[in-house]
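> First, the structure itself, so that you have it in front of you.
The values are calculated or read from the model by the stated rules, or taken from the named source; none is laboratory data. For clarity, every value in this text was computed on a predicted model and none was experimentally measured. So basically every Cβ, Gly included, is an ideal-geometry build from the backbone, and we count neighbours across all protein chains shown. Only protein heavy atoms, including side chains, enter the accessible area calculation; ligands, DNA and RNA are left aside. Shrake-Rupley method; radii C 1.70, N 1.55, O 1.52, S 1.80 Å.
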Amino acid sequence: IGLGLDPRRLGTVYCGIALERYPFGGMAERKAARTALGLPADAFIVLYLGRLDPLKRVDVLLEAWGRLTTDPARRRLVLLGSPVLHPDPDAYLRELKVAAPPSCVWIPMQSDVVQPLHAADVVVHPSQHEALGRVVLEGLATGRPVLASRVGGIPEILTDELSRFLVEPGDVAAFTRGMESLMNWRVAEPELARICSTRVANQFTLAQSVDRLAESLSRAVSSRRRRGLIGRVLRHTS
């Protein structure tokens, strides 16, 4: 649009996820996942999931986590991922770990992330730059509130009652407040789990993405055919 394209010719097709790969997880799944991962059964657990590169602003999350006033023994920050784009990944990871509070748990990147998601109470995504934010969809689908930066397409996921979980990128104090506000959500707002999973089921499934893409392509083909027909008529009448 900024380059002059007519907004009426634009449509949005959101990336979607396959819900069967990210099943909803209740308290039973939470308990089983924590046992398997060796995490405390009753702790408040926050999960960061994804690359550990500078643009993901894991440093902001670590500082915010260190500012929490609750007993560190009763909470864990699980960081699942590895540096990918950093020129010296090992050195950068060591740098992050040195700055991390003792209540952090580090897990290398893995393809199956359902178990860590089920173990978590909250997912945090402090990225400085993002397209849509697939991790946000994955966390919501499993029934976890996601505290995320107000960047890219993330505000188009966290709308309405979920918009309160949007944080300005780099705002350490706001991420701290956000995590503190969610420490007791399972008791204060038990319905939040279904609200989160329903958001993805209603708007961001893989099947919906495929259907919307097919519809967009069909409209484009139809429009092109109409323009071609008009051109032929005009040439004939002239």
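> Contour minus end-to-end for E95 and E189, with contour as 0.36 nm per residue of separation and end-to-end as the Cα-Cα distance?
Extending this stretch completely gives an extra 30.1 nm.
> Give the distance, in whole Å, between the Cα centre of segment 8-74 and the Cα centre of segment 95-138.
5
> Label points 7 Å out from Cα along the Cβ direction at D6 and R164: separation in nm?
Going from the D6 label point to the R164 one covers 4.3 nm.
> For an R0 of 25 angstrom, estimate the FRET efficiency from the Cβ-Cβ distance between R212 and D112 and round to the nearest 0.05.
0.35
> Between A91, A100, A33, find the one with the highest GNM mean-square fluctuation for the chain; connect C-alpha pairs within less than 10 Å.
Among A91, A100, A33, the largest GNM mean-square fluctuation belongs to A91.
> Let me ask something additional. Could you report segment 82-171's accessible area per residue, 1.4 Å probe, as an integer in Å²?
Here the residues of segment 82-171 average 42 Å² of exposed surface.
> Can you tell me the accessible area per residue over segment 14-61, all protein chains present, probe 1.4 angstrom, in square angstrom?
45
> Now a separate question. Using a 1.4 Å probe, how large is the accessible area of K97, given in Å² and rounded to the nearest 10?
Looks like 100 Å² after rounding.
> Using Cα atoms only, what is the angle between the long axis of helix 172-181 and the major principal axis of the chain, expressed in degrees (0 to 90) to the nearest 10?
80
> Compute the long axis of helix 206-237 from its Cα atoms, compare it with the longest principal axis of the Cα atoms of the chain, and write down the angle in degrees, 0 to 90, nearest 10.
So the inclination is approximately 20 degrees.
> Using Cα atoms only, what is the angle between the long axis of helix 89-99 and the major principal axis of the chain, expressed in degrees (0 to 90) to the nearest 10?
Here the helix axis deviates by roughly 50 degrees.
> Something else about it: In whole percent, and with a 1.4 Å probe on the protein chains, what portion of the accessible area of the chain is carbon and sulfur?
C and S atoms contribute 56 percent here.
> How long are the three semi-axes of the equivalent ellipsoid of the chain, in whole Å, if each is the root of 5 times an eigenvalue of the C-alpha gyration tensor, listed from largest down?
Those come to 41, 20, 16 Å.
> Can you check how the C-alpha radius of gyration of segment 126-201 compares to 2.2 N^0.38 Å, as a plain ratio?
1.03
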